[in-house]
Amino acid sequence: MEQSGTSSLLKGAVQDLASGVVSALRSGDHARAAALERADGEAEGLAPAAVRVLGADALLPSTLLHTPPLPDELAVFRKAVEAYPPGDDAAPTVLWSHWAMRHTLRRHDPGYVGGPRQEPDAAWLEGATWQVLTHQLAVLAALAVPGEDCAVARAARHRPVDVARGFVRAVRRRDWRQAAGAGRWLTLLEGVPQTLGLENGLDFVELMGGQDPLVALQVSAARLTRAGAFA
């Protein structure tokens, strides 16, 4: 029962943090910092755990809008990076998620020198079916940042049509989180079929899944990317 209660608290903390990120992306405020404070007050260590679940997107407003993170935000983010390193048998997506967090921390905290800079292996994406590729890219949507280059981003750039097919499939399956993550990647890719109607597709995903802050986060990031608001 205690474990179940902690899991529910963590889920709520992640949702609160994602909602704060969405608010910050839309208005430039620091509502996400308040979400971190609430998470810290509910259970010891819950805020870093929530940040670890959200990954590099916990600092996405600072990354996209070039606004320095608040000191408390940066401290919790760094704590999450240091407290939850991937295990020896971690899945590739976990390794890449942690790499993205370290990369983001270096961007916003020049004093941080921890962890290797070398990218994890991305060979598992080579030859992946378009369904698997889209699923994996959606899980790693925090890597879909304008101007950034890494092996995962290059894999996506080489297969825009497959990612578009995956986006359509996710919408048809009503998998709004996967659709939103795929849509975020598509805003960065060249060669996306015009017949996809990505803008209308994002509108539909937002309408159907926007009550979920994790969906709203991805759609908001996609819109900022398409608008070029990060430049």
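The values are calculated or read from the model by the stated rules, or taken from the named source; none is laboratory data. Computed from a predicted structure; not experimentally measured. FYI the Cβ positions are ideal-geometry reconstructions off the backbone, even for glycines, and counts take in every protein chain you see. Side chains are part of the model used for accessible areas, which takes the heavy atoms of the whole protein and leaves out ligands, DNA and RNA. Shrake-Rupley method; radii C 1.70, N 1.55, O 1.52, S 1.80 Å.
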- Item | Criterion (crowded, with 19+ Cβ neighbours inside 10 Å and assigned to a helix (DSSP H, G or I)) met by exactly one of E199, E206 | E206
- Message: If T225 satisfies all but one of (1) surrounded by fewer than 24 Cβ atoms within 10 Å (Cβ to Cβ); (2) free of Cβ contacts under 8 Å to residues at least 60 places away in the same chain; (3) within 26 Å of L59 (Cα to Cα); (4) not hydrophobic (A, V, I, L, M, F, W, C), what's the number of the condition it fails?
- Response: (2)
- Task: Give me a count of the residues in the range 126-143 that are modelled with pLDDT of 95 or more and assigned to a loop (DSSP other than H, G, I, E, B).
- Result: 3
- Across the range 97-125, what is the total count of residues that are over 17 Å from T67 (Cα atoms) and assigned to a loop (DSSP other than H, G, I, E, B)? 12
- Query: Which pairs do you get when a residue that is more than 14 Å from L198 (Cα to Cα) and in the same structural domain as L202 (by TED's automatic domain parsing), found in the range 164-179, comes within reach of a residue that is open to solvent by 20 Å² or more (accessible area, probe 1.4 Å) and basic (K, R), reach meaning Cβ atoms under 9 angstrom, with the pair 6+ apart or on two chains?
  - Reply: D175/R169; Q178/R169
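Tell me which residues, restricted to the range 190-210, are within 17 Å of the chain's Cα centre (by Cα) and of a type outside the set (V, I, T).
L202, E206, G209, G210
Among the residues of the range 66-88, write down those that are in a helix (DSSP H, G or I) and open to solvent by less than 50 Å² (accessible area, probe 1.4 Å).
Within the range 66-88, E73, L74, V76, F77, A80, V81 meet the criteria.
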- Inter-residue pairs, beta-carbon under 6 Å, first within 20 Å of R106 (Cβ to Cβ) and open to solvent by 10 Å² or more (accessible area, probe 1.4 Å) and in the range 130-156, second at pLDDT 95 or above and of a type in the set (A, V, I, L, M), 6+ apart: A142/A56; A142/A100; L143/A100; L143/V152
